[in-house]
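Trainee: Sharing a structure with you now.
Bear in mind that the values in this text are calculations on the coordinates, not laboratory data. None of the values given here were measured: they were computed from a predicted structure. A quick note on method: Cβ atoms are made from the backbone with ideal geometry, for glycine too, and the neighbour counts reach across all protein chains shown.
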Amino acid sequence: MTKPNPKPKKQGAQDTDEEIDLGHLFYVLGKAISSVFAWIFNLLARIWDLFISLLLLIRANFKALAAAALLGGLMGGIYQYGIKTKEFESSMTLQPNFGSSVQLYKNIDLYQSLIEQEDYDRLMESLSISEEEARSLNKIEVEPYENDNQVLLAYKDFVQNLDSLTFDLVGFEEFAKAQPEESFKYHVVTVRAIDRFVFEKLEDPIINSIINNRYYDKVKSNANENLLSKKKALESSLLELDSLRSIYKKVMIAESQKENSGTNIYLAELNASNKEVMVFDKYLSLNEDLFEVNNRLTEEREVINVVSSFNSVGMNATGWYRNYAVLGFVAGFALVFVWIQIVRINGFLQKVEESRQS
């Protein structure tokens, strides 16, 4: 008799073990996925139960909640349209240069502080307005004109001067969160007042309070001189590159007209052509630098640029969050709802107390 070969049995046993391991792995994964879906389902079920309980509570106390909401809305409406003085609003968009946004925020904070303190004498002096116009001011604030595009451009300028190691440490999200308000390019000054004609009178005093600063004036003069010097250098370089391009064209034409040059003509034309391409690329690069310098000269001509001015006549300060009729409606509903919850909690505590005493 021939002895059976034991090797196939070992291979079969190994395959069986691998199948068992894979089966166990799939079982564990399936159980984990089922647990996750079960947890999500239970969470949604609890949220749904809470929502139904809220609806049942509102239905059970609908009359009280509705009466409170209507009463709050009525009282708020009486104050909004009968007692409260009508308020107007206007805004101005500014582009501060040379770091003058810091001074802008400080000045606006000072004006708002004077309004809150009712220090109308200093407010009159600071804004060059009458006492009646100063008393009509209710709020003045400034905030950056913020959007993702502005933050992205600021991040691009920031990373241009970073090495690779530092670039890895500072991501876009971290940069966006750490952006101070003063670092944005545009800023919006908003004023609310009772006098609808006061806004246009505030523009010059706000601007002049920043312009009349010796530091910013020196920085502006120095920056403009540097830009003008750079512009002259770029224009001179562009003229020289134009002359060099003309020379290369003449060389190529002269070489192409030579007779019996053979391969030398081809090589000469190729060499001159490559040099002309390099000169042309440099010309385009310097031209782009010149465009940037001209843009900066336009934008940095003043310490602070007025992108859009205050309206000559203020607009009604509207918005549901400022309408006391809406606020009263919500407040009445919320107060009665909280009171009902307090009553229910108190009843539950009384039952617990009685069960412990019995």
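Trainee: If we count every other residue with Cβ under 12 angstrom of residue 318's Cβ, Lys/Arg +1 and Asp/Glu -1, where does the sum land?
Mentor: Cβ neighbours under 12 Å give a net charge of +1.
Trainee: Given a Förster distance of 35 angstrom, what is the FRET efficiency for residue 323 paired with residue 109, based on the Cβ-Cβ distance and rounded to 0.05?
Mentor: The calculated FRET efficiency here is 0.80.
Trainee: With a 10 Å Cβ neighbour count serving as the proxy for reagent exposure, in which order, fewest first, do 283, 27 appear?
Mentor: 27, 283
Trainee: What's the exposure ranking of 122, 214, 135, 46, going from fewest to most Cβ atoms within 10 Å? Walk me through the numbers on the way to the answer.
Mentor: Values: 122 14, 214 7, 135 17, 46 10.
Listing 122, 214, 135, 46 from fewest to most nearby Cβ atoms yields 214, 46, 122, 135.
Trainee: Give me the net charge for the shell around residue 123: Cβ to Cβ below 10 angstrom, other residues only, Lys and Arg +1, Asp and Glu -1.
Mentor: -4
Trainee: Can you sort 24, 187 from fewest to most other Cβ atoms within 10 Å of each residue's own Cβ?
Mentor: If I rank by nearby Cβ atoms, fewest first, I get 24, 187.
Trainee: Another question, if that's okay. What net charge is computed for the residues neighbouring residue 109, neighbours being all others with C-beta under 13 Å from the C-beta of residue 109, Lys and Arg scored +1, Asp and Glu -1?
Mentor: -3
Trainee: Students often check this: by mean Cβ neighbours within 10 Å, which of 238-246, 195-203, 300-308 ranks highest, and how do the rest follow?
Mentor: Highest mean packing first, the order is 195-203, 300-308, 238-246.
Trainee: How far is it, in nm, from the label point at residue 117 to the one at residue 143 when both lie 7 Å from their Cα along the line to the Cβ?
Mentor: With each label point 7 Å from Cα toward Cβ, the separation is 2.6 nm.
Trainee: Pull out the extension gain between residue 344 and residue 240, defined as 0.36 nm times the separation in residues minus the alpha carbon to alpha carbon distance; nm, one decimal.
Mentor: 28.6 nm
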